[in-house]
Amino acid sequence: MASYPLTARNRVKRRHDRGFYDHETVHKILDASMMCHVSYVIDGQPYCTPTFFWREGTKLYWHGSSASRMLKNQTAQQRVCLTVAFLDSLVLARCGFNHSADYRAVMAFGNAYLVTDPHEKEQAGIAMVDRFFPDRTASLRETTAQEMKATSFIAMEIEEASAKIRAKGVADDDEDYELPIYAERIPVRTVIGAPEPCPRLLPGVERPASLQAYSEGRLLEDALTDAYFLQYPKG
């Protein structure tokens with residue numbers, strides 16, 4: 001099983017038993033999300049920017065306005081850390097110390113660079129839509145040159161990465177299970193609501209079948225994972 005190299009930077013130091021470095025685990029968490037946080041330093045000042053992203057193989061892409069401070073300062077192979085996290089449950093134990101949460105998280109490290117190759121930028125412009133909504137770009141009006149000029153794309157080859165997962169629910173000290181104190185695990189999920197069609201749709205314009213994955217009641221992470229494998233069947 002392919003894995004990212006284990007280094008001093010990505011090694012999970014606290015509760016190392018919760019750390020995973022294999023591509024399958026790391027990529028599964030990344031592909032179930034569309035929003036990440038990108039951390040970087042400008043003139044000694046740390047910043048952390050939320051943005052949409054997607055994965056192609058072991059490369060990550062994200063985009064934003066060409067005027068963005070983040071993008072302007074990630075043009076020269078700047079070191080960045082990209083993170084994704086899921087809160088899966090709240091855990092109420094029998095003592096304050098053992099209150100916790102179940103979660104899945106990824107930290108990915110690498111050198112970010114501005115995408116300047118015209119073909120790579122064109123493909124990124126398609127992927128930023130089709131990765132989440134497969135084949136949708138073909139049904140849209142063509143992006144104008146001005147719109148493309150106003151958008152920048154950043155790419156980063158994942159050099160090191162780690163996933164950290166807690167999925168154990170309530171975990172009290174053995175002697176505390178004898179205490180008459182209520183404890184529970186509260187699952188947390190992001191669920192898709194009922195679609196709200198634009199009120200200015202032209203008559204006869206129907207919701208395409210390709211959006212069936214985004215149906216009311218489905219987990220968002222399931223819809224995003226399905227969309228990923230439709231767009232990238234080989235993972």
Apply the Karplus curve 6.51 cos²θ - 1.76 cosθ + 1.60, θ = phi - 60°, to the phi angles in the stretch 150-167 and return the couplings in whole Hz, x for Gly and Pro.
7, 10, 10, 10, 10, 10, 8, 6, 6, 8, 9, 7, 8, 10, 10, 10, 10, 8
Kindly flag which residue pairs out of Lys121/Lys164; Lys28/Lys168; Lys149/Lys234; Lys59/Lys168; Lys13/Lys234 have an alpha-carbon separation exceeding 28 Å in this structure.
Lys121/Lys164; Lys149/Lys234; Lys59/Lys168; Lys13/Lys234
Quick one: plug the Kirkwood hydrodynamic radius of the chain (C-alpha pairs) into Stokes-Einstein at 25 °C, 0.890 mPa s, and report D in µm²/s.
122 µm²/s
Restricting to DSSP H runs of at least four residues, report the calculated mean residue ellipticity at 222 nm for the chain, -39500 (n - 2.57) per run over all residues, nearest 500 deg cm²/dmol.
-5000 deg cm²/dmol
Expressed as a rounded percentage, what relative contact order does the stretch 83-175 have, with Cα pairs under 8 Å and six or more residues apart?
43 percent
For the stretch 29-45, take each phi angle, set θ = phi - 60°, evaluate the Karplus expression 6.51 cos²θ - 1.76 cosθ + 1.60, and give the result in whole Hz per residue in order, putting x for glycine and proline.
5, 4, 6, 8, 10, 10, 10, 10, 10, 10, 9, 7, 10, 10, 6, x, 9
Unit charges on C-beta of K, R, D, E only; dipole of the stretch 115-200, Debye
740 debye
Just to confirm the number: angle between the C-alpha axis of helix 118-130 and the first principal axis of the chain, 0 to 90 degrees, nearest 10?
60 degrees
Taking amide hydrogens as modeled 1.01 Å from N in the peptide plane, which residues meet the under 5 Å criterion relative to Ile42, leaving out close sequence neighbours?
Tyr47
The distance between the Cα centres of the stretch 166-197 and the stretch 133-152, in whole Å, is 42 Å
Residues of the stretch 63-205: accessible area per residue with a 1.4 Å probe, Å²
59 Å²
What order do you get for 87-94, 5-12, 102-109 when each peptide is scored by the mean count of other beta carbon atoms within 10 Å, highest first?
102-109, 87-94, 5-12
Compute the acute angle (0 to 90°) between the alpha-carbon long axis of helix 220-231 and the principal axis of greatest extent of the alpha-carbon atoms of the chain; round to the nearest 10°.
50 degrees
Let me check against my output: what whole-number percent is the relative contact order of the chain, with C-alpha pairs under 8 Å and at least 6 apart?
26 percent
Given charges at beta-carbon only (K, R positive; D, E negative), |dipole| of the chain in Debye
620 debye
Comparing Gly64, Gly204, Gly96 in a Gaussian network model of the chain (Cα, 10 Å), the one with the largest mean-square fluctuation is Gly204
Taking all protein chains as present, what is the carbon and sulfur share of the accessible area of the stretch 174-218, in % to the nearest whole number, probe 1.4 Å?
56 percent
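The values are calculated or read from the model by the stated rules, or taken from the named source; none is laboratory data. Because the structure is a prediction, the values reported are computed rather than measured. Positions of Cβ are generated from backbone atoms using ideal geometry, with glycine treated the same way; all protein chains shown enter the neighbour counts. With ligands, DNA and RNA removed, areas are computed over all heavy atoms of the protein, side chains included. Shrake-Rupley method; radii C 1.70, N 1.55, O 1.52, S 1.80 Å.
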